[in-house]
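Worksheet: one structure, shown below.
Any read-out appearing in this document is the output of simple, stated calculations on the displayed coordinates, not a laboratory observation. Please read all numbers here as calculations on a predicted model, not as lab measurements. With ideal geometry, Cβ positions are generated from the backbone for all residues, glycine too; neighbour counts draw on all protein chains shown.
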Amino acid sequence: MSNYQEVYQEKKKKQLSLWKEMVVNLFGEESNVTIKGRDEIVKYLNKVGSSKALNHTFIPSGGGLDLTGAAYSNESGKVELKFGSTSLIVNPESFSLHKIGDNPEWWYFRLDTQPFEPSGVYDEDPEDNQEVDPFKSASNRQVEWQMSFYGEEVLEIEPGEYMERSYWDLNHLGYDEYGVEIPLPQYARIVTRKFNGGAFVIFPKFSAYNHNPSTYDARHNKMDDYGFKQYISKIVEELNKEMSK
């Protein structure tokens, strides 16, 4: 084993131990827990995001980011997920824990979210209402499906007040009646409103699930909570069979 592999395995061992400790501290010996209230969801997301146990969060539209916390959104009833400097606004439905097997590498959290209204700052794309083209390749259909959960990236100029993201790129809000640039407000920032809904899953950063590139296809979002739990349970079952040989 190379020095790099030794260091990596040592980090993984430590991180999985921290993940197990964090989960047990939050939920004791419970194997499956589902939380519905927004206050509780924000509380637990913050605990996961601020933990020394590093996470990787898989997004409904594909790919993933490391959760660092959560907060109440400026929009009523919504929650803002924090990924460092990136903020995603979601409409939370439930937050759940699933401890699959004895290895914390396969213990994960799931956040299910509901659709909500788009901001209205962008015109509706006519293609969004077109029928599915049966002649498109599977890869194209996969990309289109993933993008259907992307949401909208907007410029928030005041709490809950949005404009097109392009104004951020211009670094001003257009011109006043005298042709003078209107500066961006001090509060201005970019947020992504995940108004399409969808599911997020949170795994240990050093988990095998995170280190498998194919899982970035948002497969978790094609399954409901129970279906994805069965999917992971089957993987763990097969791994245990291999180890027992």
Worksheet item: In which sequence would Y187, Y8 go, from the one with the fewest C-beta neighbours within 10 Å to the one with the most?
Response: Y187, Y8
Item to complete: For every other residue with a beta carbon closer than 14 angstrom to the beta carbon of E117, add +1 if it is Lys or Arg and -1 if Asp or Glu, then tell me the sum.
Response: 0
Worksheet item: Per 10 Å bin, what percent of the C-alpha pairs of the chain does each bin hold, from zero upward?
Response: 7, 27, 31, 21, 11, 3, 1, 0
Worksheet entry | Antiparallel bridges, percent of DSSP beta bridges restricted to the chain (to nearest 5) | 95
Worksheet item: Which stretch or stretches of region 50-69 have amide N atoms under 19 Å from the point lying 7 Å from S214's Cα along the Cα→Cβ direction?
Response: 58-59, 62-64
Response to the item:
If the chain between K222 and V236 were fully extended at 0.36 nm per residue, the gain over the current Cα-Cα distance would be 3.1 nm
Item to complete: Please identify, among A53, A199, A138, the residue showing maximal mean-square fluctuation in a Gaussian network model of the chain using a 10 angstrom Cα cutoff.
Response: A138
Worksheet item: To the nearest whole percent, what portion of all C-alpha pairs in region 141-192 is separated by more than 19 angstrom?
Response: 39
Discussion item. Which one, S51, S119, S139, has the greatest fluctuation when you compute a Gaussian network model over the chain with C-alpha springs under 10 angstrom?
Written reply: S139
Response to the item:
Taking the chain and counting helices only, DSSP H stretches of n ≥ 4 at -39,500 (n - 2.57) each over all residues, the nearest-500 ellipticity at 222 nm comes to -9500 deg cm²/dmol
Discussion item. So, R0 is 35 Å and r is the distance between the beta-carbons of N32 and D169; what FRET efficiency does that work out to, to 0.05?
Written reply: 0.20
Worksheet item: About its Cα centre, what dipole magnitude does the chain give when the only charges are +1 on Lys and Arg Cβ and -1 on Asp and Glu Cβ, stated in debye to the nearest 20?
Response: 1720
Item to complete: Give me the number: length gained by fully extending E6 to I182, i.e. 0.36 nm times residue separation minus the C-alpha to C-alpha distance, one decimal in nm.
Response: 57.8 nm
Worksheet item: Going by alpha carbons, how many degrees (0 to 90, nearest 10) lie between the helix axis of 138-147 and the longest principal axis of the chain?
Response: 60
Fill in: Neighbour net charge for H172 - beta-carbon separation under 14 angstrom, K R +1, D E -1
-3
Worksheet entry | Highest-MSF residue in the chain out of S73, S137, S50 [GNM, Cα springs under 10 Å] | S137
Worksheet item: How do I59, I190, I232 line up, fewest other C-beta atoms within 10 Å first?
Response: I190, I232, I59
Worksheet entry | 10 Å Cβ shell holding at most 10 others, DSSP loop, GluC sites (Glu not before Pro): longest site-free stretch of the chain | 30-123
